[in-house]
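To keep things clear, I will list the structure first and then write my remarks on it.
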Amino acid sequence: MCENEDNIITVGKYVIIKKQNFKKIYKVATNGTLMLGRDTVQMHEIIGKPFWTTFEMIPVKEGKRTYFLKEVLETESLNDLLNKLPSGNDNRTIVDDGTSQKLSKEEILRLQESGKTGKEIVGSLIENNKSFLDRTEYSQEKYLKKKEQKYLRYITIWKPNISLLHDVYFQLDHNKIGNLRMDSLSQLLSYSDVQSDGLYMLYDSGSHGMSAAAILNRIGSNTEGHLINLHPGNVPQLALVNAMNFPREQLDKLINVNIYSFLRLYHQGESAVLDKISKKVHNNCINKIKENKGKNDDESLVNNEIPQIEEIDMKEENLNNINESNDKVEHSTNGSLKRKRDESDIHEAAEVTVAKKPKWLMETQDAVKLVKGSKARGLVIVAKEHPLNIVTALLPFLGFSRPFVIYHAHREPLQETYMTLKQKQSVINLRLLSNFLRSYQVLPDRTHPDILTSDTGGYLLSGYLVQ
Amino acid sequence: MSFNKVKEFIEEGDVIILYLGHNDMHSLEIKAKIPNKNGKMVDNVFQTKYGALKVFSLVGHKYGTKKKLSRGWAYVLQPTPELWTLTVPHRTQIIYSPDISLIIHLMDLIPGSIVIETGTGSGSLSHALIRVIRPHGHLYTFDFHEQRINIAQAEFERHGLSKFVTSSHKDVCIEGFGKELETKADAIFLDLPHPWLAIDYAVSTLKKSGGKLCSFSPCIEQVQRTCAKLISKGFIELNTYECLQREVHVQYKNLPILNLECLQYENVDKDMAQENEKQEVKLLTAMHARSLPGHTGFVTIATLPPFHVRKME
């Protein structure tokens, strides 16, 4: 059955690696390795296993932080270390003088490298901790939770979905997905009325494909919907779309086009676009110099393309630098880098021969055909730029009585957009929204809001287009 | 029938949203005659603050149209689950769009999902759930209140949604979700006074490959008992959230600017300080509402792992 096949980890699939509370995205490769902090894990063992399988990380050689994986059915828990241990009533006798732990750093490190299991290590940590028995049972539990994070070496492989991918990215670096918190993301999907059928339009300039992946996920597979993903650069950011392992058929519902090419083709026709390309051939050298200045971005397709790709490449480089230390999404970004090169090759080819239509042009034509065939059922804008010109340019593609929603990390550009749209009288029910989200620790007698909560939910502007 | 596809023109039998203003929206059914309070069929006329609207006269107009009334205008919109939530006739407390959005996101619903909802209440959440799981998914919705289920069922039919939803009158805390639903559900949503009583049944109703359980409760004590029960039944990855939406009102503000620096020097002519007081700056800003819903409910999400890796206490 195909569902069974879906549940097996195979080469090329993206998976989520979970180690205690830490999650990471990994693309399965034949002889892949994964960096988990300072540990290197050889990953080939997961291939062919079903999702949800748990593996133990076992050192390849004593003293080295390289591990191979071994499938396990039972994981050990530290909780039974607590059994029958006495505990204190409060912390009146505990003095934090840094001498509670009798083992030195070196001794602990040696324990780790000697190949002892996590449980054995934590067992000796407790034994050698002179204040452990004075701690309250809650405090003991907390201590064990912390040590579990550090010393237990189990990883479980999960299948990616939108909420997991969002979680990984939001915790790693919410800037990468435009600070789009899950409440804002979920409301983007509701307020734009995304569902399995109809045409949806998205402008996204920097969420690593988070919004495109989420919308495509809601359009579903074997359904009638389409998504036009407009982006300002040379290539769309699709890291998270790729990470969803969507089937081909579902990916085909997504058309990624440059917003400048799209609007030029729609308003001026194919000859205008082809003119641009042939001009580009003639003026290639001259343009290259101009382009680097990055001026007149919105004036010409030629001018906006190359500076943009440089910009993105620089960003990717930064990303990779971050990844070396933090190392969570290396494979997904590598994937998109590769794709980027492929696509820029195509662009270069287009510069040489005009006779053969480049791929991007055909895709743009597909998108134009779609919007000429039907009005969009919903419009979503996730912009880093000022959204006013974007929404003004895209509203004509939206059907009457249909909703749009704009996300921005800042309130001011949305205020200005609100006022301008309000004066136009063709939109109603305009609402500028912000959300407060907090999570809770729920434990017997210890329930309270989590100490840390995100305060960067961003702002949403939603409304309906009318005649 | 105006919920199941995008429509261009208003037809008889549609449910429309009449938009008079921000907080003034109404859902109306396009029918020539409706019964009055004595049960007699009379012309379907809806009174608004801008004058009377002969509802049936909207037939043939486009959705999104601006309808002239004797003292103003109204807009006619095709309902979305969000607009429906704002205009649904309340039979119970309802869940609003911010919580609905979060619930759907956390339950990982997609077209094709099999989802269970209890209780049905006024059907506000049901409409949003059906939107996500269509066309090949299905919603099974339960309520222990017979009249509510009947009204909801009739509503789904009027809205053209009945093939995506099965509604049943049942107290799931006592009877469970039924044998025919065993190991069928991708996700279960509980909005019950005692959600923990339904969890045993939930375990056998979720798919063997695992699934999500989401519970919405206004009180923290309910959350605690629910979480304790969920953990004992092998659920993992428990998280509880609270989401509050704030609407901010965009407006221009004129701020007077005081010139105080001139007071340091002797004034040449008149009192410059007084005159300068009239200087103003026009500022585009946003005001928060004087009050807002400070609490709706706690949303708890939990994952049931696939059968072969479940651990129960």
*Please give the helices (runs of 4 or more DSSP H) falling wholly within the range A:129-213 in which 2 or more residues are in contact with a helix residue (DSSP H, G or I) (Cβ under 8 Å, 6 or more places away or on another chain) and under 23 Å from B:ASP99 (Cβ atoms).*
A:162-173, A:182-191
_Condition first: in a helix (DSSP H, G or I) and closer than 16 Å to B:LEU192 by Cβ. Now tell me which residues in the range B:94-109 satisfy that._
B:ASP99, B:ILE103
*Go through the range A:421-450 and count every residue that is under 26 Å from the mean Cα position of the chain (by Cα) and within 7 Å of another protein chain (Cβ to nearest Cβ).*
9
*Just checking, how many residues over the range A:27-68 are assigned to a strand (DSSP E or B) and in contact with a His (Cβ under 6 Å, 6 or more places away or on another chain)?*
1
*Taking the stated definitions as given, is B:ILE130 open to solvent by 10 Å² or more (accessible area, probe 1.4 Å) and either under 19 Å from the mean Cα position of the chain (by Cα) or within 14 Å of chain A (Cβ to nearest Cβ) (or both)?*
no
*Answer with yes or no whether A:LEU394 is modelled with pLDDT of 95 or more and either open to solvent by less than 10 Å² (accessible area, probe 1.4 Å) or under 29 Å from the mean Cα position of the chain (by Cα) (or both).*
yes
*Would you say B:ILE114 is more than 12 Å from chain A (Cβ to nearest Cβ), of a type outside the set (D, E, K, R) and touching a His at 6+ places or on another chain (Cβ under 9 Å)?*
yes
*Would you point out the residue of the range B:181-193, among those that are in a loop (DSSP other than H, G, I, E, B) and touching a strand residue (DSSP E or B) at 6+ places or on another chain (Cβ under 6 Å), that is surrounded by the fewest Cβ atoms within 10 Å (Cβ to Cβ)?*
B:LYS184
*Among the listed residues A:TYR407, A:TYR418, A:TYR464, which satisfies the condition of being over 27 Å from the mean Cα position of the chain (by Cα), crowded, with 21+ Cβ neighbours inside 10 Å and assigned to a strand (DSSP E or B)?*
A:TYR464
*Which one is nearest to B:PHE9 (Cα to Cα) among residues in the range B:40-87 that are at the interface with another protein chain (Cβ under 10 Å from one of its Cβ atoms), assigned to a loop (DSSP other than H, G, I, E, B) and in contact with a helix residue (DSSP H, G or I) (Cβ under 9 Å, 6 or more places away or on another chain)?*
B:THR65
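Rundown of residues vs (1) at positive phi; (2) away from every other protein chain (no Cβ under 14 Å), yes/no style:
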residue: A:LYS142; (1), (2): no, yes
residue: A:ARG153; (1), (2): no, yes
residue: A:LEU180; (1), (2): no, no
residue: A:ASP193; (1), (2): yes, no
residue: A:ALA212; (1), (2): no, yes
residue: A:LEU216; (1), (2): no, no
residue: A:ALA243; (1), (2): no, yes
residue: A:ARG248; (1), (2): no, yes
_In the range B:157-180, residue farthest from B:THR120 (Cα to Cα) [restricted to those that are open to solvent by 30 Å² or more (accessible area, probe 1.4 Å) and of a type in the set (Val, Ile, Thr)]_ = B:ILE174
_With the structure loaded, tell me whether B:GLY121 is under 20 Å from B:CYS214 (Cβ atoms), in contact with a Pro (Cβ under 7 Å, 6 or more places away or on another chain), in contact (Cβ under 8 Å) with a residue 12 or more places away in the chain and crowded, with 17+ Cβ neighbours inside 10 Å or whether it fails that test._
no
*Within the range A:175-187, is there a residue that is closer than 30 Å to A:LEU432 by Cβ, surrounded by fewer than 17 Cβ atoms within 10 Å (Cβ to Cβ) and not aliphatic (A, V, I, L, M)?*
yes
*Could you grab me the full set of residues in the range A:69-85 that are assigned to a loop (DSSP other than H, G, I, E, B) and more than 37 Å from the chain's Cα centre (by Cα)?*
A:LEU82, A:ASN83, A:LYS84, A:LEU85
_the range B:23-39, residues that are surrounded by 12 or more Cβ atoms within 10 Å (Cβ to Cβ) and either touching a Lys or Arg at 6+ places or on another chain (Cβ under 8 Å) or part of a loop (DSSP other than H, G, I, E, B) (or both)_ = B:ASP24, B:GLU29, B:ILE30, B:LYS31, B:ALA32
*When residues of the range A:105-124 are filtered for being open to solvent by 30 Å² or more (accessible area, probe 1.4 Å) and in contact (Cβ under 8 Å) with a residue 24 or more places away in the chain, how many remain?*
6
*Only one of these is open to solvent by 100 Å² or more (accessible area, probe 1.4 Å) and touching a Ser or Thr at 6+ places or on another chain (Cβ under 7 Å): A:LYS150, A:LYS142, A:LYS102, A:LYS130. Name it.*
A:LYS130
*Only one residue in B:GLU237, B:GLU221 is farther than 25 Å from A:ASP167 by Cα, under 27 Å from the mean Cα position of the chain (by Cα) and within 11 Å of another protein chain (Cβ to nearest Cβ), so which one is that?*
B:GLU221
_Suppose the filter is within 14 Å of chain A (Cβ to nearest Cβ) and assigned to a strand (DSSP E or B); does B:LYS212 pass it?_
yes
*Out of curiosity, is B:ILE104 open to solvent by 40 Å² or more (accessible area, probe 1.4 Å), under 17 Å from A:GLN195 (Cα atoms) and out of contact with any strand residue (DSSP E or B) (no Cβ under 7 Å at 6 or more places or on another chain)?*
no
*Members of the range A:67-98 that are open to solvent by less than 80 Å² (accessible area, probe 1.4 Å) and β-branched (Val, Ile, Thr)*: A:VAL72, A:THR75, A:ILE94
*Out of (1) modelled with pLDDT of 85 or more; (2) open to solvent by 30 Å² or more (accessible area, probe 1.4 Å), the odd one out for B:ILE301 is which?*
(2)
*Out of B:LEU260, B:LEU197, which single residue is more than 14 Å from chain A (Cβ to nearest Cβ) and more than 28 Å from A:TYR440 (Cα to Cα)?*
B:LEU260
*Kindly indicate which of A:GLY88, A:GLY118, A:GLY48 is modelled with pLDDT under 85 and under 26 Å from B:PRO305 (Cα atoms).*
A:GLY118
*Can you spot a residue in the range B:139-155 that is more than 18 Å from B:LEU206 (Cα to Cα), in contact with a Phe, Trp or Tyr (Cβ under 9 Å, 6 or more places away or on another chain) and either open to solvent by 60 Å² or more (accessible area, probe 1.4 Å) or in contact (Cβ under 8 Å) with a residue 60 or more places away in the chain (or both)?*
no
_Complete set of residues in the range A:218-251 that are surrounded by fewer than 21 Cβ atoms within 10 Å (Cβ to Cβ) and touching a His at 6+ places or on another chain (Cβ under 9 Å)_ = A:ASN222
*May I ask you to list the residues in the range A:196-215 that are closer than 16 Å to A:PRO403 by Cα and of a type in the set (Asp, Glu)?*
A:ASP197
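The values are calculated or read from the model by the stated rules, or taken from the named source; none is laboratory data. Not measured: the values here are computed from a predicted model. All Cβ positions, glycine included, derive from the backbone under ideal geometry; neighbour counts span all protein chains shown. The area values use the complete protein model at the heavy-atom level, side chains included, leaving out ligands, DNA and RNA. Shrake-Rupley method; radii C 1.70, N 1.55, O 1.52, S 1.80 Å.
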